[in-house]
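Participant: Please read through the structure below; I'll follow up with questions.
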Amino acid sequence: MPIKFDQAQAIKVRHRKYDEARSTLWQTYSPPESPVFEYGKGAKLYSEEGREYFDFVTGIAVNSFGHAHPHLVQALTLQANELWHVSNLYRIPTAERLASRLCERSFADRAFFCNSGTEAIEAGIKAMRRYHYNKGNRERYRVIGFEGSFHGRSIAALAAAGNKSHCDGFIPFDYGFSQIPWQDMDAMIKAAKDSNTAGFIIEPIQGEGGIRCASDSFLQKLRSICDEHDLLLMADEVQCGIGRSGHLFAHEKSATKPDIMSLAKGLGGGFPVGACLVTEDVSVAMGLGSHGSTFGGNPLAMAVGNAVLDLTFAPELLPDVMRKGALFSNHLKALASQYPSIISDVSGRGLMIGVSCIIPNIELVNSLRERGLLVGKSGANMIRFLPPLNVTDDEIFHALDVLKNTLADLSR
Ligand code: PLP
């Protein structure tokens, strides 16, 4: 007997009272009671009440081509009707294809697939340490991160970023990881000279810690210091990668190449996927049995990942992201000078834009949401705009209008 999908039960669950439904979830998040979203189309989301919202946070830089993009829906549904999972016990041709397409367009020679940004970070940290271990440099295990970073919530990812409030109660702080101040050349040189150092991990554009772009000269210096001391450079492009900055990968602007790069978020366009890309030299250390994932590289994620690349590799996409990013930022800067008691600096690159707030950022996030515009928080007191990469100029102008009206109201 086929099991019937219980539509009535599904609807009942959806309309459960908020507190009751919430009580069995870990209390690690506190979403507002409403809106609850029912569906999305492009840059718009629709709530159960049928209200339209402009999605300028995209599930934290994930829905890179908005909601329900026909090409992604088609890729996923075609694959869902064929094959969901076989594990890495067998070849997965779409994973081989996605790996080769990512490698062709980057510094990398090999890719490992997983399911999230954190896992992509873990894979990279393991590869960094194994590289030295394999060469007989067993004392080179220390991973140097930068203050203000965010690399995920696993133990190693927490330790690499060293954010005390995230680490509290979970780990001893020295776990073979250290942090140095953001873009501090002297601290970087000192860390590179330490005989325990294995390499550096950096977000070329910090996301959670405030939208901070590493300068080209800093990334170039970091690369040359790594070369000088045979250290590895790992780029965390989980948030800023896959076109978000207007470059395919944010580090490309500085004409530097990392040895390891973590990707996730935008690569799946809304479907969970992560990838860790490495050079041949690094991949040699990660031999048979050194790492693995049951779900990593599964056919569903690979189908969507390839479809995301079809859209990302369209020749007009990246120049358009740059153009729209500049358009958006310039108007935001004009608003910042018009309302200096509410917002100040505008930072970021491409469609990864932060606006520093004078008032508590949560007030602005909530006021914008009430007016139908979804944005994120970032850093100490910033709001973050991460619209889909295919957002239209009209949608950007609509978001600017909502912001302008909100700022006008708040300044009264
Ligand atoms: N690295 C960066 C730069 C991130 O922004 C995030 C998540 O926000 C992560 C790593 C962790 O990714 P995930 O939440 O998919 O595990």
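The values are calculated or read from the model by the stated rules, or taken from the named source; none is laboratory data. Nothing here was measured: the structure is a model prediction, and the numbers come from that model. Neighbour counts are summed over all protein chains in view; Cβ atoms, including those assigned to glycine, are modelled from backbone coordinates with ideal geometry. Only protein heavy atoms, including side chains, enter the accessible area calculation; ligands, DNA and RNA are left aside. Shrake-Rupley method; radii C 1.70, N 1.55, O 1.52, S 1.80 Å.
Participant: Restricting the count to DSSP beta bridges whose residues both fall in segment 129-268, what percent are antiparallel, rounded to a multiple of 5?
Facilitator: Around 10 percent antiparallel, to the nearest 5.
Participant: Which residues among segment 35-60 fall inside the zone where the amide N is under 20 Å from a point 7 Å beyond the Cα of Arg371, along Cα→Cβ?
Facilitator: Inside the label zone: 35, 43-47, 51-58.
Participant: Across segment 29-38, in residue order, what do the Karplus-derived ³J(HN,Hα) couplings come to in whole Hz, using 6.51 cos²θ - 1.76 cosθ + 1.60 with θ = phi - 60° and x for Gly and Pro?
Facilitator: 10, 9, x, x, 4, 9, x, 10, 8, 9
Participant: Classify segment 22-160: rounded, prolate or oblate, from the alpha-carbon gyration tensor (a ≥ b ≥ c, eigenvalue square roots; a/c under 1.5 rounded; otherwise prolate if a/b is larger than b/c)?
Facilitator: oblate
Participant: Using the structure shown, list the pairs from Lys44/Lys257; Lys135/Lys190; Lys164/Lys253; Lys253/Lys324; Lys41/Lys333; Lys126/Lys377 with a Cα-Cα distance above 27 Å, or answer none.
Facilitator: Lys44/Lys257; Lys164/Lys253; Lys41/Lys333; Lys126/Lys377
Participant: Apply 1/(1 + (r/R0)^6) to the Cβ-Cβ distance of Asp109 and Ala68, taking R0 = 51 Å, and write down the FRET efficiency to the nearest 0.05.
Facilitator: 0.90
Participant: Taking 56 Å as R0, compute the FRET efficiency from the Cβ-Cβ separation of Leu410 and Asp310 and round it to 0.05.
Facilitator: Between Leu410 and Asp310 the formula returns 0.85.
Participant: Mind checking Rg over Rh on segment 23-76, alpha carbons, Kirkwood formula for Rh?
Facilitator: A ratio of 1.04.
Participant: So, taking all protein chains as they sit and a 1.4 Å probe, how much accessible area belongs to Arg130, in Å² rounded to tens?
Facilitator: Its heavy atoms expose roughly 90 Å² to the probe.
Participant: Taking the Cα centre of the chain as the origin, how large is its charge dipole in debye, to the nearest 20, when only Lys and Arg (+1) and Asp and Glu (-1) carry charge on their Cβ atoms?
Facilitator: The calculated dipole for the chain is roughly 320 debye.
Participant: Moving on. Over the chain, with every protein chain in place, what whole percent of the accessible area is carbon and sulfur at 1.4 Å, could you tell me?
Facilitator: Carbon with sulfur: 54 percent of the solvent-accessible area.
Participant: Then there is this: With a 1.4 Å probe and every protein chain left in place, work out the accessible area per residue of the chain in Å², rounded to a whole number.
Facilitator: Value returned for the chain: 47 Å² of accessible area per residue.
Participant: If the only charges are +1 at each Lys and Arg Cβ and -1 at each Asp and Glu Cβ, what is the size of the charge dipole of segment 59-143 around the Cα centre, to the nearest 20 debye?
Facilitator: Computed charge dipole of segment 59-143: roughly 540 debye.
Participant: Here is a further query. Between Asn137 and Ala255, what is 0.36 nm times their sequence separation minus the Cα-Cα distance? Round to one decimal in nm.
Facilitator: 39.6 nm
Participant: Could you pull out every residue, at least 5 positions away or on a different chain, whose amide H is within less than 5 Å of the one on Ala108? Hs are placed 1.01 Å off N in the peptide plane, and Pro or chain starts have none.
Facilitator: So Ala108 has HN proximity to no qualifying residue.
Participant: Evaluate the Debye formula for segment 97-253 with equal point scatterers sitting on the alpha carbons, no solvent, and hand back log10 of I(q)/I(0) at q = 0.09, 0.13, 0.15 Å⁻¹, in q order, two decimals.
Facilitator: -0.27, -0.58, -0.79
Participant: For Trp84, Trp26, what's the largest-to-smallest order of accessible area, 1.4 Å probe?
Facilitator: Of Trp84, Trp26, the descending order of accessible area is Trp26, Trp84.
Participant: If you don't mind, another one. Binning at 20 angstrom from zero up to the longest distance, how are the C-alpha pair distances of the chain distributed in percent?
Facilitator: 26, 57, 17, 0
Participant: When only the heavy atoms of the protein chains count and the probe is 1.4 Å, how do Met188, Met286 rank by accessible area, highest first? Let's see the in-between values first.
Facilitator: Numbers: Met188 0, Met286 50 Å².
I get Met286, Met188, largest accessible area first.
Participant: Restricting to the chain, what percent of DSSP beta bridges are antiparallel, rounded to 5?
Facilitator: Percent antiparallel among DSSP bridges in the chain is about 65.
Participant: Find the Cα radius of gyration of segment 365-412, compare it with 2.2 N^0.38 Å by division, and give the number to two decimals.
Facilitator: 1.17
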